[in-house]
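The values are calculated or read from the model by the stated rules, or taken from the named source; none is laboratory data. Predicted, not measured: the structure shown is a model, and the values here were computed from it. Virtual Cβ from ideal backbone geometry, glycine too; neighbours counted across all protein chains shown. Calculation scope for accessible area: heavy atoms of the full protein, side chains included, ligands and nucleic acids excluded. Shrake-Rupley method; radii C 1.70, N 1.55, O 1.52, S 1.80 Å.
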Amino acid sequence: MKKIFFLPLIVTFLTFLSCERDESLTPTPVLVNGAFVRLDITSKVMNYADPATVFAGNLTAPGGNVSKYNLYVRRTDVTSGNSFGGFKLIGQPITTFPARLVITREDIAAALNMNVSDFNAGDEFRFYGESFDLNGVRFDYSNLSTAIRSNLQYYKQAFRFRTSIVSQVLYTPGEISVYDSYTTQ
C-alpha cells in the first residue's frame, strides 16, 4: 500500500523535471540597442539677475554606442507666449561621453541669432536632442519607448527638456528633485 501512495508523487515530480521552458512564449521584447543619451541635470534654471548662471548637467551614453549628439534650442517669449522659428543647433556636436553639458545665455543667443539683452525673466527655452549610433543611424525622442517617455524622472532622457530664465525670487540653484520635459514642439 505504501508503494502505491508514493507512485503519484514520483510521477508528478518527474513531470515537473521534464518540462522545458518555451522561450517563444516569453513576453519580453527583444532588446534593441538604440543610441540612448541620458542627462542628469545639475542646474535647472538661469537666474535673470545673475548672467553667470547656466543650465548644466551630465550627459552619458549608457549603451556605449553613441557617436554624436546634437542639441537644438527654441525660445518661447514670456510676454507674448509665442515661440519664434524652429529649433536651431546650439554649440558643436558632442562626440565623447560622459560629457559635461553647460549652456549659457550667450550660447542660446548665438544659436537663435539674438542678443542676450532680448531675453526676459520668464522666457522658456526648449531643447531637442538627437543622437547617432556608431553606424550613423539617427535617434530622437520619437524612438523612445512609452515606458521611457512616461518615467522621465528615472530615465532622464536627453532628447526633450527645457529651462527658463527666472527672477531672483524663483531662483533655486543646485540639483532638482523633479525632472522636467515637454510634450509638444
Qualifying residue in the range 156-168 (condition: at pLDDT below 70 and surrounded by fewer than 18 Cβ atoms within 10 Å (Cβ to Cβ)): yes
ALA110 being at pLDDT 85 or above and either in contact with a Lys or Arg (Cβ under 7 Å, 6 or more places away or on another chain) or not in a loop (DSSP other than H, G, I, E, B) (or both): yes
Output for the range 49-94, where each listed residue is free of Cβ contacts under 8 Å to residues at least 40 places away in the same chain and hydrophobic (A, V, I, L, M, F, W, C): ALA52, PHE84, LEU89, ILE90, ILE94
Close pairs from the range 136-151: first at pLDDT below 75 and surrounded by 12 or more Cβ atoms within 10 Å (Cβ to Cβ), partner among the aromatic types (Phe, Trp, Tyr) and in a helix (DSSP H, G or I), Cβ under 9 Å, at least 6 apart: ILE148/TYR154; ILE148/TYR155; ARG149/TYR141; ARG149/TYR155
Residues located in the range 103-117, provided they are open to solvent by less than 70 Å² (accessible area, probe 1.4 Å) and without any contact (Cβ under 8 Å) to a residue 60 or more places away in the chain: THR104, ASP107, ILE108, ALA109, ALA111, LEU112, MET114
